[in-house]
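Remarks on the structure that follows.
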Amino acid sequence: MRELWAKLVPSLQESEKRRLIEKTSDLCSAFIVEPEDVELARRWGAKTIVCPSENADIVLIADLKDMVKARKEGKKTCVIVTVKSRGDEKKIVTAAEASADYVLAVCSDWKVIPIENLIAEIRGKSRLLASVSSSQEAKVALETLEIGVDGVVIDLSDANEVRKIHETLKTVEAKAPEHEPTMKITLLKAQVKELKQLGAGARVCIDTCDLLREGEGLLVGCQSIGLFLVEAEVHETPFVAPRPFRVNAGSIALYVLAVGGKTRYLSELKAGDEVLIVDRMGRSRTTSICRVKIEWRPLLLIEAECNRRSVKTILQNAETIRVVTEDGSKSVKDLKAGDNVLVRFEEGGRHFGTLVKEEKVIEK
């Protein structure tokens, strides 16, 4: 599990220290405090105390010579190093090889490159913590090299920022490594009933910051109850090279299934937003958007039936756009009445993208 530590700022008034610890004790796994604040911090709710003192649960060490003594006393240790050069990185590697339980890297200028180096060099030897100043820095540290640090440490001066970092940590934890599924989505067969060519309209290409695989794509539809799985452009054609980062997602007004089970309009998406990638087995993962490209192209209305309900989507009418089936995918140019495609079907209405099962909504 990733850890969130908070460092109590020594210059704060005692009343302010107490308020901050009491507000964040359920969010932080440990607090770094000065020796004179150890007992007070325990009284205010700090579960684990990190401090250069024998009374600490984890002894904070700046000099490796002190680690031998702490370990003889059966104490857990955290070696803190301010990283300004490769020599400082080597001190952290040495501490990890000497079996320090934790190493805390404080990077004042360069932040990403030293963390990358340290993750690569000490992974599995010691738990690597990074000092951060915001939830944005925490996210970077927790995702560096797709592995991330084992935890982050922030100065305890703003309880709201600690809460933001805690939420960031939970989000990162929920994302399994190596693109393993984050949640399972039930997909059903829907039988195509009608195809209708439309005139030109605004359609949206979603270019992601990832490489999608065969059978993966986005769930989109005219109605929130029925979202069609549209495959990424992973197939090679005689005229177009594969673009496995892209999903040609359809008409700009379509719903798209987003992170957390909410729906958004394709028109709302922009670079930096997260989208939910789904495969034909219903396995899903999140990735970020690199760009959203809107162009005017001929469109095709696809109407299908699922659970005796009509569901529709509008996609670009071109050979490279494919809808996912149980055993493959099919270009919309080859699609015909009677074919089965995969959809996500869910009864209920949506209020600003959130499902309200009890609400009756009619979408045609």
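Remarks
- Hits in the stretch 120-157 (condition: of a type in the set (D, E, K, R), outside any loop (DSSP other than H, G, I, E, B) and out of contact with any helix residue (DSSP H, G or I) (no Cβ under 7 Å at 6 or more places or on another chain)): Arg127, Glu137, Asp155
- Of all the listed residues (Leu335, Leu276), the sole one being surrounded by 16 or more Cβ atoms within 10 Å (Cβ to Cβ) and over 29 Å from the mean Cα position of the chain (by Cα) is Leu335.
- Hits in the stretch 234-288 - residues which are in contact with a strand residue (DSSP E or B) (Cβ under 6 Å, 6 or more places away or on another chain) and assigned to a helix (DSSP H, G or I): Val259, Leu266
- Of all residues in the stretch 9-26, none satisfies the criterion of being hydrophobic (A, V, I, L, M, F, W, C) and either under 16 Å from Leu129 (Cβ atoms) or free of Cβ contacts under 8 Å to residues at least 60 places away in the same chain (or both).
- Qualifying residues in the stretch 134-157 (those that are surrounded by fewer than 22 Cβ atoms within 10 Å (Cβ to Cβ) and touching a strand residue (DSSP E or B) at 6+ places or on another chain (Cβ under 7 Å)) - the one farthest from Gly124 (Cα to Cα): Asp155
- The criterion of at least 2 residues that are touching a Leu at 6+ places or on another chain (Cβ under 8 Å), modelled with pLDDT of 85 or more and among the β-branched types (Val, Ile, Thr) is met by the following strands (runs of 3 or more DSSP E) wholly inside the stretch 43-94: 76-83.
- Taken as a whole, the stretch 112-128 holds at least one residue that is closer than 18 Å to Lys7 by Cα and in contact (Cβ under 8 Å) with a residue 12 or more places away in the chain.
- Flag for Ser288 being among the hydroxyl-bearing types (Ser, Thr, Tyr) and loosely packed, with under 15 Cβ neighbours inside 10 Å: yes
- Of the residues in the stretch 64-82, at least one is outside the structural domain of Ser288 (by TED's automatic domain parsing), loosely packed, with under 15 Cβ neighbours inside 10 Å and touching a helix residue (DSSP H, G or I) at 6+ places or on another chain (Cβ under 8 Å).
- Residue match in the stretch 3-14 (condition: loosely packed, with under 14 Cβ neighbours inside 10 Å and either in a helix (DSSP H, G or I) or hydroxyl-bearing (Ser, Thr, Tyr) (or both)): yes
- Beta carbons closer than 7 Å, at least 6 apart along the sequence or on distinct chains, pair a first residue in the stretch 88-103 that is more than 12 Å from Val68 (Cα to Cα) with a second that is assigned to a loop (DSSP other than H, G, I, E, B) for Thr94/Leu64; Ala96/Lys125; Ala96/Ser126; Glu97/Lys125; Asp101/Ser126; Tyr102/Ser126; Val103/Ser126.
- Evaluation of Ala249 against (1) within 30 Å of Met1 (Cα to Cα); (2) in contact with a helix residue (DSSP H, G or I) (Cβ under 7 Å, 6 or more places away or on another chain) (one fails), failing number: (1)
- In the stretch 110-164, of all residues being under 15 Å from Phe31 (Cα atoms) and small (Gly, Ala, Ser), the one that is modelled with the lowest pLDDT corresponds to Ser157.
- Whichever residue in the stretch 185-233 is outside any strand (DSSP E or B) and not aliphatic (A, V, I, L, M) and, among such residues, is surrounded by the fewest Cβ atoms within 10 Å (Cβ to Cβ): Thr186
- Candidate set from the stretch 305-322 (those that are part of a strand (DSSP E or B) and in contact with an Asp or Glu (Cβ under 7 Å, 6 or more places away or on another chain)); member that is surrounded by the fewest Cβ atoms within 10 Å (Cβ to Cβ): Ser310
- Pair list, Cβ < 7 Å and 6+ apart or interchain, from the stretch 222-247 residues that are closer than 22 Å to Leu187 by Cα and in the same structural domain as Thr325 (by TED's automatic domain parsing) to residues that are outside any strand (DSSP E or B) and of a type in the set (Lys, Arg): Leu229/Arg280; Val234/Arg213
- Residue pairs meeting the criteria (Cβ under 6 Å; at least 6 apart or on separate chains; first of a type in the set (Phe, Trp, Tyr), in the stretch 253-264; second part of a strand (DSSP E or B)): Tyr255/Gly221; Tyr255/Thr263
The values are calculated or read from the model by the stated rules, or taken from the named source; none is laboratory data. From a predicted model like this one, the values you see are computed outputs, not experimental measurements. Ideal geometry is used to build each Cβ from the backbone, glycine not excepted, and the neighbour counts take in all protein chains shown.
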